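Report on the following structure.
The values are calculated or read from the model by the stated rules, or taken from the named source; none is laboratory data. Here the structure is a predicted model, which is why all the values come from computation and not from measurement. Glycine gets a Cβ as well: all are built from the backbone with ideal geometry, and neighbour counts include every protein chain shown. Keep in mind that these areas ignore ligands, DNA and RNA; they rest on the heavy atoms of the full protein, side chains included. Shrake-Rupley method; radii C 1.70, N 1.55, O 1.52, S 1.80 Å.
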Amino acid sequence: MKERSSTSLTEGPITRSILLFTGPLIIGNLFQQLYNTTDSFIVGNFVGSGALAAIGASAQIINLFIGFIIGLTTGAGIIIAQYYGAGDGTRLHSAVHTSFWFCILGGILVSIAGCLLSPLILTAMNTPAEVIPDAAIYLRVYFLGALFNILYNMGAGTLQATGDTKHPLYYLCLSSVVNVVLDILFVTVFHMAVPGVALATLIAQLVSAVCVLWKLTHTDDIYRLVPSQIRSDRAMLVKILKFGIPTGLQTAIISLSNVIVQSYLNGFGSLAMAGSNIYGKVDSFALLPANCLSLTTTTYIAQNMGARKFDRVKKGFKSFLWLGNLYAVVMGILLCFFSAGPLRLFTSDPEVVHFGAMMGQVLGPGYILLITCQILIGTARGAGNTFSTMLLSILNLCGLRILWLTIMIPLFPSIYTLYLGYPVTWGTAAVCMGIYYRKKIKSRLGLP
């Protein structure tokens, strides 16, 4: 018997279904953002700018390693959504268990690689010497819990692909509260500084992983996870990797470009690093609804393609574009002109706030380009076109971004030049995805 916690995306009013599905995603991801945001808030106010810079230097490395595996799980989510929409319980069972087998293996490998390579990567990124010790400790503790992070994301992705966004929300709320309490305890009471916030994050991720695994192993729905049956089905693994590798590579390579951006940013000093880091937290919160809308787009398109409801795909696509663009305009204006206020929650250092506010003034106007691109990418992924979206994303968000830094920074050696690389490459990516959509996706799905 299907549980009522799932929201059907293949029937009912389209906009209402989209909002009911996306709403819990947004709230859940807001709580997930509290992990690193709480780390930055506690460290910035109780330890100092140097420790804040250490966490900022660590973030892009974490995204590089974890992002690849989580990107691979996107391929599994597309397949799970399609089988769930088609009501194919046998293949859905195989997809779920093969995905978890892969995540366990990948999580172990990421933990080992992350712990061993962290100091080397920090050095290669031109990280200031005074920042490296704290950053290396933070990374190593974080990577010890990488498996928990990956298992949670796979479990949450499975629930979301089948229409259940409420339970991942509950688990994130619980783990976020755990993280906040432990951050305060470890830093302000036990004075553990950076190792303390890393340990708090590790424990919180363990809590969320345990919760989502309990849900999956106790559900009566057709996607139930049976631990004794977690194994690799070769044919299913190949199919998952076919969809997942392009997304995983895209995530990892774009994260690599951000690591390269971070290495240029490090050259402007610890105050610029700290300011960019705290704006990154504000930016992550601001873009959460758009990111969740893109994820909903993928699930919506995949489920309705599995159910062969192409007219519903066409109508849904219009709703996604209108919702995304409206949000982009409002949020872009707010962050362009009023980002300094939220930044002061993290630090009282006026120089740090100055660098963060400058980043908001440059990035805010470009949000409409980024969000339009995300909706188009979500549509293409839901239709199974992950390879082409990977190539276009890597070309623009990695290749052109690195080219921008290589050419423009020597000519105009300013942090403003570095920040400008983001909206410029969002724009080229949006143009390329728009052309690809019109040439390849539009006619296939009967879209406008």
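Enumerate the pairs (first residue in the stretch 332-354 and among the basic types (Lys, Arg); second residue anywhere and open to solvent by 10 Å² or more (accessible area, probe 1.4 Å)) with beta-carbon separation below 7 Å, excluding pairs fewer than 6 apart on the same chain, so at least 6 apart or on different chains.
Arg344/Val353
Looking at Leu323, Leu345 in this structure, which one is at negative phi and under 22 Å from the mean Cα position of the chain (by Cα)? Show your work before the answer.
Working: Leu345 fails: under 22 Å from the mean Cα position of the chain (by Cα).
Answer to the selection: Leu323.
Just checking, how many residues over the stretch 129-148 are open to solvent by 20 Å² or more (accessible area, probe 1.4 Å) and either in a helix (DSSP H, G or I) or modelled with pLDDT of 85 or more (or both)?
Number of matching residues: 9.
All but one of (1) surrounded by fewer than 22 Cβ atoms within 10 Å (Cβ to Cβ); (2) within 25 Å of Leu159 (Cβ to Cβ) hold for Gly244; which doesn't?
The number of the failed condition is (1).
I'd like to check something: does the stretch 191-200 contain any residue that is within 27 Å of Asn304 (Cβ to Cβ) and surrounded by fewer than 17 Cβ atoms within 10 Å (Cβ to Cβ)?
No, there is no match, as no residue in the stretch 191-200 is within 27 Å of Asn304 (Cβ to Cβ) and surrounded by fewer than 17 Cβ atoms within 10 Å (Cβ to Cβ).
Tell me, which residue of the stretch 338-375 that is under 12 Å from Tyr279 (Cβ atoms) and of a type in the set (Phe, Trp, Tyr) is least open to solvent (accessible area, probe 1.4 Å)?
Ranking the candidates gives Phe346 first.
Can you say whether Val207 is over 22 Å from the mean Cα position of the chain (by Cα), modelled with pLDDT of 85 or more and among the β-branched types (Val, Ile, Thr), as far as the supplied structure shows?
Criteria not met by Val207.
Identify all residues within the stretch 288-320 that are outside any helix (DSSP H, G or I) and either of a type in the set (D, E, K, R) or closer than 10 Å to Thr22 by Cβ (or both); write none if there are none.
Within the stretch 288-320, Arg308, Lys309 qualify.
Whether any residue in the stretch 153-161 is under 25 Å from Met305 (Cα atoms), open to solvent by 30 Å² or more (accessible area, probe 1.4 Å) and either among the hydrophobic types (A, V, I, L, M, F, W, C) or at pLDDT 85 or above (or both) is what I want to check.
yes
Here are Leu287, Leu293, Leu326, Leu321: which of them is surrounded by fewer than 24 Cβ atoms within 10 Å (Cβ to Cβ) and closer than 30 Å to Gly87 by Cβ?
The conditions single out Leu321.
Could you tell me whether Leu237 is assigned to a loop (DSSP other than H, G, I, E, B) and within 14 Å of Trp101 (Cβ to Cβ)?
In short, no.
Only one residue in Ser228, Ser176 is assigned to a helix (DSSP H, G or I) and buried (at least 16 other Cβ atoms within 10 Å of the Cβ). Which one?
Numbers: Ser228 fails: buried (at least 16 other Cβ atoms within 10 Å of the Cβ).
Of the residues listed, the single one that is assigned to a helix (DSSP H, G or I) and buried (at least 16 other Cβ atoms within 10 Å of the Cβ) is Ser176.
Please specify each residue of the stretch 208-225 satisfying the condition of being in a helix (DSSP H, G or I) and open to solvent by less than 40 Å² (accessible area, probe 1.4 Å).
Applying the first criterion (in a helix (DSSP H, G or I)) to the stretch 208-225 yields 208-218.
Within the stretch 208-225, Ser208, Ala209, Cys211, Val212, Lys215, Leu216, Thr217 meet the criteria.
Could you figure out which of (1) open to solvent by less than 40 Å² (accessible area, probe 1.4 Å); (2) within 24 Å of Gln205 (Cβ to Cβ) isn't true of Leu117?
(1)
If you go through the stretch 302-331, how many residues are aliphatic (A, V, I, L, M) and without any contact (Cβ under 8 Å) to a residue 40 or more places away in the chain?
Residues flagged as aliphatic (A, V, I, L, M) and without any contact (Cβ under 8 Å) to a residue 40 or more places away in the chain within the stretch 302-331 amount to 3.
Please indicate, with yes or no, whether at least one residue in the stretch 67-87 is modelled with pLDDT of 70 or more and surrounded by fewer than 18 Cβ atoms within 10 Å (Cβ to Cβ).
The answer is yes; a qualifying residue exists.
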